[in-house]
Amino acid sequence: MMKRFFYHSILSLFLLVMFCITGGGNLAKAQSYQLVKSTAELVSGDKYLIVAKGYNKALGGINPTSGNNRTAVAVTFATNTKDNISTLPDGACELELQAQDNGTWAFYDALNKGYLYAASKNENHLKTKDTLDDNGKATVTITTASVATIKFTGTNTRNLLRYNPNTGGSPLFSCYSSGQKDVYLYHYVASTATGTKD
């Protein structure tokens with residue numbers, strides 16, 4: 001009886017230690033990205049996704065062929081209202097929002113080690129570079145329908161970050177002077193399992 005109790009206690013202790021080491025298992029790794037409905041939800045230093053909600057696509061990495069724009073990756077929403085994304089979409093870029101001067105914002109991509117910026121006056125380019133200038137600083141407004149208007153300042157006039165479904169080709173995120181499809185911001189919030197960020 002004593003031996004059984006001893007082994008049971010050792011097993012319980014082992015499981016508790018492993019639970020702590022792994023950060024509480026899969027629940028601790030749960031992520032949640034919530035639709036930004038107001039500019040009051042823009043927080044410097046926090047993580048965001050840029051999403052074409054109507055097309056179930058999120059901004060991904062740099063296009064490997066051209067290097068000029070961003071790929072579009074599939075998103076699975078947690079609810080039919082599309083207000084929540086429960087896990088980081090495979091290939092999506094989590095961007096750190098950084099407050100700048102004159103009410104502007106910068107989007108830093110740690111994976112690609114650079115800032116998003118409107119990269120051309122004459123072409124529809126959304127590139128990434130390691131230094132930040134006015135072409136990488138953007139004003140951000142949110143409509144009552146939660147549409148995010150991300151407009152880069154500076155000299156490059158093709159400066160609206162938009163989604164292009166590119167019918168017949170590869171969908172992409174790029175910068176345009178007008179047109180194309182709406183984008184939305186999703187804000188990373190702390191895991192409900194731990195109350196802290198990963």
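Each value in this text was obtained by applying a stated rule to the coordinates, not by laboratory testing. Just so it is clear, the structure is predicted and the values come from calculations on it, not from any experiment. Glycine gets a Cβ as well: all are built from the backbone with ideal geometry, and neighbour counts include every protein chain shown.
Just a few scattered comments:
- Subtracting the Cα-Cα distance of residue 102 and residue 130 from 0.36 nm times their residue separation leaves 8.0 nm of extension gain.
- Phi angles across the range 101-107 convert, under the Karplus curve 6.51 cos²θ - 1.76 cosθ + 1.60 with θ = phi - 60°, into 3J(HN,Hα) values of 6, 6, x, 8, 9, 10, 10 Hz, Gly and Pro given as x.
- Of 127/151; 47/113; 53/121, those spanning more than 18 Å from alpha-carbon to alpha-carbon: 53/121
- Net charge of Cβ neighbours under 12 Å - reference residue 182; Lys, Arg +1; Asp, Glu -1: +4
- Phi angles across the range 56-73 convert, under the Karplus curve 6.51 cos²θ - 1.76 cosθ + 1.60 with θ = phi - 60°, into 3J(HN,Hα) values of 6, 10, 10, 5, x, x, 5, 4, x, 7, 9, x, 8, 9, 10, 5, 10, 10 Hz, Gly and Pro given as x.
- Listed values for the range 149-154 are Karplus-derived 3J(HN,Hα) couplings in whole Hz (6.51 cos²θ - 1.76 cosθ + 1.60, θ = phi - 60°), namely 9, 10, 10, 6, 8, x, and x replaces Gly and Pro.
- Gain in span if fully extended, residue 157 to residue 113, counting 0.36 nm per residue against the direct Cα distance: 13.4 nm
- Placing dummy labels 7 Å off each Cα toward the beta-carbon, the span from residue 122 to residue 78 is 4.7 nm.
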